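Taking it in order: structure first as structure tokens, then the write-up.
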Amino acid sequence: MKIHRIVAFFLLFVTLWSCRDDDEDFLNGAVVVPPRLLSEVAVENDIELQAFLKSHFYNYEEFAAPPADFDFKIKIDTIAGDNADKRAMFDDITSEVISILPSSFGISDQEDSVDHTLYFLEARKGAGEKPTIGDNAILRYEGSLLDGTLFDASSTPIRFYLPQLIRGFGAAMTKVNSGSEIVDNGDGTVDFGEFGVGIVFIPSGLAYGNGRGPSGALPSYANLIFRLEGLAFEKNSDFDGDGIPSFLEDLDGDGNLNNDNTDADLEQIFLPNHGDIDDDNDGILTIDEIELDADGNFVAFKDTDGDGISDHLDNDN
Ligand SMILES: [Ca+2]
Ligand SMILES: [Ca+2]
Ligand SMILES: [Ca+2]
Ligand SMILES: [Ca+2]
């Protein structure tokens, strides 16, 4: 694919890494406040998100009939005054429930997994396909709080490996169709034709939780908004280069690649399968335990001893 050559031109500024800041707080000598119950925060977050979506609209009229110079940027405003008759975003929204274990925020003494609702709105359908949760995606984004404060943005197209981002961001990107083609402008820049545009509303449990984000400036438990432009993606991205497309290393199919680790009990450091070149720790590399075609593309898993466990996940085979 052409894209492999093109992505090399983009600078990598990774600002959306999923992270917690309690270790930092500890090092800085700050008082560490015990995290609140995830279930309690999730309910509050959802009430706030729904109220926002019901009281605000976006420039849907421009997206429906784009003016000649339209830049396909989503603009949000309050439904009031001259805009009292606008259609609320809530009427166009789709939602997805994602279950989160408190332990993913380092909370060990709290309840079972907690459902979180992610709200997504597609403003423009891209002409291309959608990435999977295991792909490298090339995109533009803008992150803001519900009060409109912009806290992060990409100035140029950026390439992200989706499993390394906060959960809500990665999940939302899998809903954005990419552009149709990459147009080389001949001056070192490229344009992306007919790219997809969406906006996602993320509860804190699918973002930074009680953390303050990469810059340390976000309020704890903040709902986040990201405007997203899906430009392109690398189909069947294989993060660890073991021959298996990353999305196929999500063994339990929950959309989280970081909780699947076949050889967890044999490793010093938790290395989930999508980042592990010997998934079952049997000393035979995964790439030598699967079926590939002549070009090195994934074809199928093998089960040599017929016990229902693929060779690359089977420690005794
Ligand atoms: Ca998983
Ligand atoms: Ca592992
Ligand atoms: Ca692997
Ligand atoms: Ca094996």
Do you know which residues across the range 226-274 are under 30 Å from Phe63 (Cβ atoms) and within 11 Å of ligand 1 (Cβ to nearest atom)?
Phe247, Gly255
Some residue of the range 267-282 being among the aliphatic types (A, V, I, L, M), part of a helix (DSSP H, G or I) and not assigned by TED's automatic domain parsing to the domain that holds Leu101:
no
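Residue-wise test of (1) within 16 Å of ligand 2 (Cβ to nearest atom); (2) assigned to a strand (DSSP E or B); (3) touching a strand residue (DSSP E or B) at 6+ places or on another chain (Cβ under 9 Å); (4) within 23 Å of Asp152 (Cβ to Cβ).
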residue	(1), (2), (3), (4)
Ile199	no, yes, yes, yes
Gly205	no, no, yes, yes
Arg212	no, no, no, yes
Ser215	no, no, yes, yes
Pro219	no, no, yes, yes
Ala222	no, no, yes, yes
Phe226	no, yes, yes, yes
Phe233	no, yes, yes, yes
Gly253	no, no, no, no
Which residue out of Lys86, Lys54 is modelled with pLDDT of 95 or more, farther than 21 Å from Tyr141 by Cα and surrounded by 16 or more Cβ atoms within 10 Å (Cβ to Cβ)?
Lys86
Leu292 versus (1) surrounded by fewer than 16 Cβ atoms within 10 Å (Cβ to Cβ); (2) touching a residue at least 40 places away in the same chain (Cβ under 8 Å); (3) away from ligand 3 (no atom under 15 Å from the Cβ); (4) of a type outside the set (Val, Ile, Thr): which is the lone unmet condition?
(3)
Subset of the range 260-279, residues surrounded by 15 or more Cβ atoms within 10 Å (Cβ to Cβ) and within 29 Å of Pro102 (Cβ to Cβ), comes to Asp260, Asn261, Thr262, Asp263, Leu271, Pro272, Asn273, His274, Gly275, Asp276, Asp279
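The values are calculated or read from the model by the stated rules, or taken from the named source; none is laboratory data. Computed from a predicted structure; not experimentally measured. Please note: Cβ atoms are built from the backbone with ideal geometry, for glycine as well, and neighbour counts cover all protein chains shown.
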